[in-house]
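What follows is one structure encoded as structure tokens, with my remarks underneath.
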Amino acid sequence: MDRSSLKYNGPTSSVVTDADGYTVTRDGKARPKVTCDGKPNAPVDGTTTTCNKVGTGYELENARDGKTVSKVKVEFSPDGKTVTRAATITPPEGDPFTITTTSKKVSGGKTGPVVWKETGFTESQDTGVLSVKVSGDSVDFKETDSDKPITAKLDGTPTNVGGTRTMSVKQDGPRTLKVTYSQDGKVGRENTFVLSSDGKMVTETDVTPAPTASTMSVKFHKAA
């Protein structure tokens with residue numbers, strides 16, 4: 001991965017806080033209020049959240065079917081202009097990993113909602129190495145944040161990657177692969193990989209739809 005080529009345009013959210021919790025609005029839709037009193041909130045889409053206020057931020061634990069699926073720590077900078085969200089995720093299969101996002105304050109404050117723009121992210125699994133091996137009508141595909149390759153058909157047939165999550169790969173011309181990640185049948189992310197004409201570089205473009213709409217692009221150079 002050529003990290004200097006990374007371009008990221010993250011999602012925007014509006015947050016209203018009060019004495020006992022907060023409410024997040026994305027893409028014009030307000031999520032249920034999260035009450036931070038150390039007690040489980042009512043389940044949302046099957047996930048129960050327990051939140052505690054810690055200093056000027058929050059600590060959350062999300063659970064499904066009685067099992068912890070993620071722990072999140074939210075910290076605000078002393079000047080209130082930056083917020084860091086570190087989420088440790090426990091997948092149904094594989095080892096836990098951490099996704100850390102940074103957001104900048106765009107507007108608002110005091111008595112009104114605060115608008116935040118996500119400007120950066122890192123993943124503990126990210127090795128910066130992309131492996132792609134096409135064999136006939138299938139492909140062994142391993143992104144930088146995966147533990148092992150996934151074999152998928154090149155005709156867009158969904159391949160299960162754990163729980164209700166699927167990945168489908170479709171070849172679009174001689175040098176382009178389109179990868180779609182879905183959960184419960186709903187598209188969560190679409191990636192396009194384009195091989196340069198000289199075969200020495202791949203450009204990846206990721207698109208995540210609303211309500212957490214974002215785009216990312218980065219280049220990978222062929223290993224020696």
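Would you mind calculating the gained length between residue 65 and residue 37 on full extension (0.36 nm times residue separation, minus the Cα-Cα distance), in nm to one decimal?
Extending this stretch completely gives an extra 8.0 nm.
Modelled spin-label separation between residue 90 and residue 223, with each label point placed 7 Å from Cα along the Cα-to-Cβ direction: 3.2 nm. At a probe radius of 1.4 angstrom, the accessible area of the range 65-224 per residue rounds to 60 square angstrom.
What is the dipole size for the range 30-108, taken about its Cα centre, with +1 at each Lys and Arg Cβ and -1 at each Asp and Glu Cβ, in debye to the nearest 20?
340 debye
Available extension along the chain between residue 6 and residue 187 is 62.8 nm, counting 0.36 nm per residue and deducting the alpha carbon span. Distance between the pseudo-spin-label points of residue 198 and residue 142 (7 Å out from Cα toward the beta carbon): 2.7 nm. Extension gain, residue 172-residue 29: 0.36 nm per intervening residue step, less the Cα-Cα distance, totals 48.0 nm.
Solvent-free Debye calculation, one equal scatterer per alpha-carbon of the chain: log10 I(q)/I(0) at 0.09, 0.16 Å⁻¹ equals -0.44, -1.23. Can you grab the distance from the C-alpha centre of the range 1-78 to the C-alpha centre of the range 102-131, Å, no decimals? Centre-to-centre distance over Cα atoms comes out at 12 Å.
Averaged per residue, what accessible area in Å² does the range 1-59 show with a 1.4 Å probe, protein chains only?
Heavy-atom SASA per residue in the range 1-59 reads 62 Å².
Apolar share of the accessible surface for the chain: 51 percent from carbon plus sulfur atoms, 1.4 Å probe.
Set the Förster distance to 45 Å, then compute FRET efficiency between residue 153 and residue 79 from the Cβ-Cβ distance, nearest 0.05. Plugging the Cβ-Cβ distance into 1/(1 + (r/R0)^6) gives 0.30.
Once you divide the Cα radius of gyration of the range 142-224 by 2.2 N^0.38 Å, the number left is 1.12. Label zone (residue 54, point 7 Å along Cα-to-C-beta; backbone nitrogen cut-off 16 Å) within the range 88-103: 88-90, 98-101.
The values are calculated or read from the model by the stated rules, or taken from the named source; none is laboratory data. Note that the structure is a prediction, hence the values are computed from the model and not measured. Don't worry about glycine lacking a Cβ; one is built from the backbone with ideal geometry, like all the others, and counts go over all protein chains shown. Surface accessibility is based on the protein's heavy atoms, side chains included, excluding ligands, DNA and RNA. Shrake-Rupley method; radii C 1.70, N 1.55, O 1.52, S 1.80 Å.
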